[in-house]
Protein chains: 2
Amino acid sequence: MLADLPTPCLVLDRTILARNIRGMAKALERLGVPLRPHMKTAKSIEVARMALQGQPGGITVSTLAEAEYFFGHGITDILYAVGITPQKLDRVAALNASGARIIVLTDDPGMADAIAARPEPVRALIEVDSGEARGGVHPDSDLLMNLAARLGPRLAGVMTHAGHSYAARRVAEIAAIAEAERGAVAHAATRLRHAGHAVEIVSAGSSPTARHAENLAGVTEMRAGVYMFGDLFQAEIETHAIDSIAVTVLASVIGHRPGRVLVDAGGLALSKDRSTEATPHDYGYGLALDLDGQPGYGNATVVKAYQEHGVIAADPSRPIDLPVGGKLRIAPNHTCMTAAAHDRYFVVDGDRQVVAVWHRVNGW
Amino acid sequence: MLADLPTPCLVLDRTILARNIRGMAKALERLGVPLRPHMKTAKSIEVARMALQGQPGGITVSTLAEAEYFFGHGITDILYAVGITPQKLDRVAALNASGARIIVLTDDPGMADAIAARPEPVRALIEVDSGEARGGVHPDSDLLMNLAARLGPRLAGVMTHAGHSYAARRVAEIAAIAEAERGAVAHAATRLRHAGHAVEIVSAGSSPTARHAENLAGVTEMRAGVYMFGDLFQAEIETHAIDSIAVTVLASVIGHRPGRVLVDAGGLALSKDRSTEATPHDYGYGLALDLDGQPGYGNATVVKAYQEHGVIAADPSRPIDLPVGGKLRIAPNHTCMTAAAHDRYFVVDGDRQVVAVWHRVNGW
């Protein structure tokens with residue numbers, strides 16, 4: 001039972017998770033594009049198996065630790081969606097030599113040459129910048145063509161990530177960014193094909209753009225990860241329903257002050273992420289929920305996060321009447337960051353009964 | 001060699017660590033008070049053994065995972081300095097029944113009764129508030145006497161933590177807070193002794209107040225942890241020299257933009273801590289150093305931290321001339337938060353040679 005777990009710990013509601021996965025699958029079915037789920041948020045094979053239902057079977061990862069773990073659990077088609085380095089290429093090549101089909105990402109001529117020169121089968125996507133200005137080449141650049149020529153038959157396609165969709169605040173804005181994301185990567189693919197290159201993969205996505213895109217012509221797959229769990233930030237940008245956040249931190253009350261409750265979930269258990277600072281509703285370091293995951297404490301939020309102490313400011317109309325040792329749950333601002341401090345999920349199915357424990361692959 | 005390590009990872013310079021430990025020991029020797037090192041930052045037995053040289057042998061911990069780990073490595077005198085709950089009291093009692101001497105902390109009458117009622121040997125400190133207003137009772141309160149009466153012979157003493165020393169910006173301010181910290185806890189001890197209670201432990205501290213206190217009369221031990229490693233925030237509040245930061249994150253360049261370098265240390269490897277936002281110099285998510293840990297890149301700082309991507313804005317006068325795969329180091333804002341994402345330290349002695357790998361006990 002949740003009430004018996006040591007705190008702080010991570011609770012995953014499988015019922016909500018399944019609903020979120022169905023929701024994203026339906027959104028993309030409508031547009032005729034499959035999903036390559038991004039496992040950077042969940043980092044769990046059990047979650048990956050749920051997310052892959054009805055999909056082609058490929059996943060996206062953010063670390064080589066994830067790549068090794070998921071390959072060890074039988075998933076071979078893996079996109080490592082962070083710019084590759086020579087040292088990491090060695091690790092990828094070794095995995096591919098033993099049966100994995102890890103696809104790497106680059107926007108660097110030197111790395112394109114290094115990929116082309118490997119004896120092991122390593123294919124690459126060229127990263128295209130669709131407006132985020134983090135990594136990637138412009139779809140109209142000479143560098144795009146140069147990289148493709150260097151990669152030669154190792155070119156698998158193009159990829160972009162409209163991470164600036166996180167700066168949007170409305171569905172219409174996100175839809176416009178999704179169209180720019182699609183346009184950039186589809187245009188890059190067209191240019192490459194006109195020059196005679198085979199472009200198998202045209203990959204786009206982020207949870208907001210995957211959810212709100214209206215047209216994905218020319219895109220062969222979408223990547224998204226946060227949608228599985230959701231968080232307060234995604235709720236604020238209208239990408240996720242606030243009552244569909246699947247992951248919460250279970251915490252115990254460790255002290256009381258007038259109007260405030262001290263809990264044993266602080267900056268390490270919740271993360272120091274403050275992404276809702278810039279959204280209409282600032283949730284501090286998280287929103288306090290009752291043991292059932294329901295908003296029984298109104299607008300009570302974690303207003304301070306020390307290393308192991310969280311301070312919850314109670315909603316005056318909904319006091320938190322728990323003794324020391326009493327338990328509550330905290331919905332996270334940014335579920336990728338919060339989950340990463342924890343090595344496992346305690347899984348429930350909509351109630352307080354723990355039905356499974358699922359491990360996470362953290363680190364690098 | 002550092003250049004061969006997989007990135008991102010945590011580098012610990014043992015030479016700097018030893019110097020920091022000597023510096024704190026000297027500061028407290030002058031005041032005649034021993035140190036109960038707080039292991040919440042380092043979470044490593046090797047570091048604990050260094051910090052305990054010349055000290056009585058007791059440590060402070062922030063989680064029961066730390067308590068179990070350090071007890072497993074032969075340290076018995078352990079203060080668990082976070083308010084205890086009934087469930088955690090069970091774990092502590094079990095450890096004490098097998099030979100540990102874990103001291104717990106409370107400011108709650110119900111918990112004082114629960115501690116008094118345990119058949120196993122569990123002693124407690126009463127938490128005193130010396131101005132931080134996080135936890136603890138006022139030193140002049142009736143509740144202080146009430147808690148002592150409930151604990152009876154289980155009372156081991158009093159403890160306070162002047163965490164508000166982190167809001168100070170000058171040595172003189174910190175010295176004043178250190179005096180308030182000392183005054184509060186010493187006064188609480190005096191009141192309890194006058195009422196006939198034995199008060200063995202009078203515990204105070206934070207790295208800033210331990211470093212800058214001018215008088216510790218009535219205090220039997222100081223607790224501090226961050227001083228071992230230091231960080232940019234401690235440097236900003238004049239508690240730690242910026243060239244004495246012992247822990248850095250080793251990162252690889254994964255891409256280039258005009259004036260910017262993309263590295264593989266993002267929000268997970270660096271943490272999302274932004275504590276230098278409120279200090280004279282805002283270091284973003286960390287300060288870029290060269291592979292030798294020297295300020296070879298001027299004021300280059302990590303200006304954006306995505307999950308696995310960090311964006312370094314270069315100092316125009318000191319460009320970062322590294323290819324993709326080139327390595328640099330990043331000094332952290334808040335070393336407790338940054339280190340917690342990593343499961344081990346790669347230890348060096350002032351150069352690039354890795355001389356040891358030390359593990360950390362993360363989680364709860």
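Observations, loosely collected:
- Qualifying residue in region B:239-252 (condition: open to solvent by 10 Å² or more (accessible area, probe 1.4 Å), touching a His at 6+ places or on another chain (Cβ under 9 Å), touching a residue at least 12 places away in the same chain (Cβ under 8 Å) and not in a strand (DSSP E or B)): yes
- Test for A:L17: is it touching a Ser or Thr at 6+ places or on another chain (Cβ under 9 Å), among the aliphatic types (A, V, I, L, M) and at pLDDT 95 or above: no
- Consider region B:46-57 and keep the residues that are under 15 Å from the mean Cα position of the chain (by Cα) and among the small types (G, A, S). The one that is surrounded by the fewest Cβ atoms within 10 Å (Cβ to Cβ) is B:A48.
- Boolean, B:G230 is closer than 21 Å to B:L2 by Cβ, free of Cβ contacts under 8 Å to residues at least 40 places away in the same chain and either in the same structural domain as B:P332 (by TED's automatic domain parsing) or touching a helix residue (DSSP H, G or I) at 6+ places or on another chain (Cβ under 8 Å) (or both): no
- The residue of region A:81-97 that is most open to solvent (accessible area, probe 1.4 Å), among those that are under 22 Å from A:I45 (Cα atoms) and facing chain B (nearest Cβ under 10 Å), is A:R91.
- Check on B:A195, surrounded by fewer than 18 Cβ atoms within 10 Å (Cβ to Cβ), of a type in the set (G, A, S) and within 14 Å of another protein chain (Cβ to nearest Cβ): no
- When region A:98-115 is limited to residues that are more than 10 Å from chain B (Cβ to nearest Cβ) and of a type in the set (D, E, K, R), the one that is least open to solvent (accessible area, probe 1.4 Å) turns out to be A:D113.
- All conditions in (1) more than 30 Å from A:I115 (Cα to Cα); (2) away from every other protein chain (no Cβ under 14 Å) hold for B:P319, with the sole exception of (1).
- Applying the condition of being in contact with a Lys or Arg (Cβ under 8 Å, 6 or more places away or on another chain) and open to solvent by 20 Å² or more (accessible area, probe 1.4 Å) to region A:135-166 and asking which residue is nearest to the other protein chains (Cβ to nearest Cβ) yields A:H161.
- Residue list for region A:4-14, filter: facing chain B (nearest Cβ under 10 Å) and open to solvent by less than 50 Å² (accessible area, probe 1.4 Å): A:L5, A:T7, A:P8, A:C9
- The condition (being over 18 Å from A:P153 (Cβ atoms), part of a helix (DSSP H, G or I) and open to solvent by less than 10 Å² (accessible area, probe 1.4 Å)) is satisfied by just one residue among A:A189, A:A178: A:A178.
- Filter pass, A:L17 being open to solvent by less than 10 Å² (accessible area, probe 1.4 Å) and within 14 Å of chain B (Cβ to nearest Cβ): no
- Single residue of A:E200, A:E221 found to be in contact (Cβ under 8 Å) with a residue 24 or more places away in the chain and open to solvent by 50 Å² or more (accessible area, probe 1.4 Å): A:E200
- Within region A:270-311, the set of residues being more than 14 Å from B:V82 (Cα to Cα), open to solvent by less than 20 Å² (accessible area, probe 1.4 Å) and within 14 Å of chain B (Cβ to nearest Cβ) comprises A:L270, A:S271, A:D273, A:T276, A:G284, A:G286, A:V302.
- Qualifying residues in region B:322-362 (those that are out of contact with any Lys or Arg (no Cβ under 9 Å at 6 or more places or on another chain), farther than 27 Å from B:R257 by Cβ and not polar (S, T, N, Q)) - the one farthest from the other protein chains (Cβ to nearest Cβ): B:D351
The values are calculated or read from the model by the stated rules, or taken from the named source; none is laboratory data. Please read all numbers here as calculations on a predicted model, not as lab measurements. Because the Cβ atoms are built from the backbone with ideal geometry, glycine has one as well, and the counts that use them run over all protein chains shown. To get the accessible areas, we keep the full protein, side chains included, count just its heavy atoms, and leave off ligands, DNA and RNA. Shrake-Rupley method; radii C 1.70, N 1.55, O 1.52, S 1.80 Å.
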